[in-house]
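Report on the following structure.
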Amino acid sequence: MKIAFYDSLSSFSPPTRAVVPFHILLKPVGAGCNLKCDYCYYPEDQLPRPKPMIKEMLEPFIRNYIASQPTYSKEINFVWQGGEPLLAGLDFYKKAIDLQQKYAPKHVKISNSLQTNGTLLTPAWCRFLKQHNFIIGVSLDGPKEIHDRYRLDKKGQQGSYNAVLKGIRLLQEFDIEFNILTVVHDAVANQAQTIYEHFIQLGVKFIQFQPLMTEGSALEHQFTLTAPNWGKFLTDIYLHWKSQRHVGNVHVMNIEHVYSQYFTHVSQTCVHSERCGTNLVMEAQGQIFACDHQINSSHHIGNILEQTPLSELVLNSIELPFGQNKSTRRECQSCTVKAVCQGGCPAHINSMGKNKLCEGYFQFFNTVMAPLRKYESSMRGVQQWRQEIGF
Ligand code: SF4
Ligand code: SF4
């Protein structure tokens, strides 16, 4: 049965709890964005028609999301993404925080992460984000000449670098911790050092590199990323970061996640987990998919406006083959970096059934793991390693 947005919340039956912790990434304005990046993963024809999330959807979602997490959950994270999620407006997020406070049990910490292009940040936004400890990700591709080539304003005429930089300066002024998210594709594969050094000049401390997803506009504009280029880019970053002795000072997530996974056997990301399927996404009109990169009918698992408990949707999602089988491909079983790769993202599987970035992952992981291999992959090993490198 479907409910209308204006139905009383009492029409929702009490949610049962999921067997594992899960995330549902939220897209409060769907594909709505104030920029027009050439490699946006939304198809271009969706871009001019943002459909904002109806505010009344927030309460059923927040109540169910909190109540459906396993009883042992100590922290529940809300992830806001777009399009450009700041387009939902400050009042929308104020309402979200009120509802989180209303429904969160006392022993549970609520956290919020928001991925933005940074161009709409103002002092009022920053005061709010600081007050509620939002974890911010800003999309920036490197120096102006690189960034402005691909990340353009809505008319597709002017680069957005200056506006992003203004946003970054505000975050720094308000002492808000943020990380930079950079998309890597073939055209920038030789510029790892230039890009990295630019971030250092800006005073950035947390950086994450993400391989291009060949979907949406990126596919239409024929952007590509080959495995050797992905491997070269990440390896160049690693060698440069190491030569600069930035360990412990500049946090490159791609490198730190390898360290952490090598010693703890736990991945910090879905991409390098043994299985995936617990990172769902809710689009602005309430449709829930098993993953942001599996937006298709086989991975559409429900709608928040139906009365199916979220715990049941999570169960359906984790049973789907894409997540169950991600690390079981034959070539991965004898691979010497499997412990930290686990087959990569199923959205990168090519028509031959192989991960398109496989060789690149291998090169990077093999290089980062080489000095680690003399340590046991255990807590004892991490202590020895830290003592020796003074970290
Ligand atoms: S398909 Fe890829 S992005 Fe989606 S949950 Fe799995 S690993 Fe993560
Ligand atoms: S590097 Fe390639 S073969 Fe090795 S685990 Fe990753 S995807 Fe599998």
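Taking (1) outside any helix (DSSP H, G or I); (2) under 28 Å from residue 18 (Cβ atoms); (3) out of contact with any Leu (no Cβ under 9 Å at 6 or more places or on another chain); (4) away from ligand 1 (no atom under 14 Å from the Cβ) in turn, residue 311 satisfies each apart from (1). One residue is enough: does the stretch 381-388 have a residue meeting the conditions in contact (Cβ under 8 Å) with a residue 40 or more places away in the chain, part of a loop (DSSP other than H, G, I, E, B) and away from ligand 1 (no atom under 16 Å from the Cβ)? No - not one qualifying residue is present in the stretch 381-388.
Taking the criterion of being part of a loop (DSSP other than H, G, I, E, B), surrounded by fewer than 19 Cβ atoms within 10 Å (Cβ to Cβ) and touching a Leu at 6+ places or on another chain (Cβ under 7 Å), the residues of the stretch 129-167 that qualify are 154, 158. Only residues that are surrounded by 21 or more Cβ atoms within 10 Å (Cβ to Cβ) and assigned to a loop (DSSP other than H, G, I, E, B) were counted across the stretch 272-282, and they come to 3. Determine whether residue 362 is in a loop (DSSP other than H, G, I, E, B) and either within 23 Å of residue 240 (Cα to Cα) or more than 14 Å from ligand 1 (Cβ to nearest atom) (or both). Here the answer is no, as residue 362 does not meet what is asked. A single member of 245, 275, 329 is among the charged types (D, E, K, R), within 16 Å of ligand 2 (Cβ to nearest atom) and closer than 26 Å to residue 137 by Cα, and it is 275. Answer yes or no: is there a residue in the stretch 263-271 that is touching a residue at least 24 places away in the same chain (Cβ under 8 Å), within 15 Å of ligand 2 (Cβ to nearest atom) and surrounded by fewer than 18 Cβ atoms within 10 Å (Cβ to Cβ). Within the stretch 263-271, one or more residues are touching a residue at least 24 places away in the same chain (Cβ under 8 Å), within 15 Å of ligand 2 (Cβ to nearest atom) and surrounded by fewer than 18 Cβ atoms within 10 Å (Cβ to Cβ). Being away from ligand 1 (no atom under 11 Å from the Cβ), buried (at least 20 other Cβ atoms within 10 Å of the Cβ) and either aliphatic (A, V, I, L, M) or farther than 15 Å from residue 365 by Cα (or both) holds for only one residue in 302, 248, 231, 323, and it is 302. Residues of the stretch 330-359 that are crowded, with 17+ Cβ neighbours inside 10 Å, within 16 Å of ligand 1 (Cβ to nearest atom) and assigned to a loop (DSSP other than H, G, I, E, B): 342, 343, 344, 345, 354, 356, 357. Reported count of residues in the stretch 363-380, each being aromatic (Phe, Trp, Tyr) and either surrounded by fewer than 17 Cβ atoms within 10 Å (Cβ to Cβ) or more than 7 Å from ligand 2 (Cβ to nearest atom) (or both), is 2.
Each row is one residue, and each column tells you yes or no for (1) under 22 Å from the mean Cα position of the chain (by Cα); (2) within 11 Å of ligand 2 (Cβ to nearest atom); (3) within 30 Å of residue 67 (Cα to Cα).
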site	(1), (2), (3)
313	yes, no, yes
320	yes, no, yes
335	no, yes, no
341	yes, yes, no
345	yes, yes, yes
356	yes, yes, no
384	no, no, no
391	no, no, no
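The single residue among 285, 294, 268 that is assigned to a loop (DSSP other than H, G, I, E, B) and closer than 19 Å to residue 20 by Cα turns out to be 268.
Bear in mind these aren't lab numbers, they're just calculated from the coordinates by the rules spelled out. Everything quoted here is computed from the prediction, not taken from an experiment. Every residue, glycine as well, gets a Cβ built from its backbone with ideal geometry; the counts of neighbours run over all protein chains shown.
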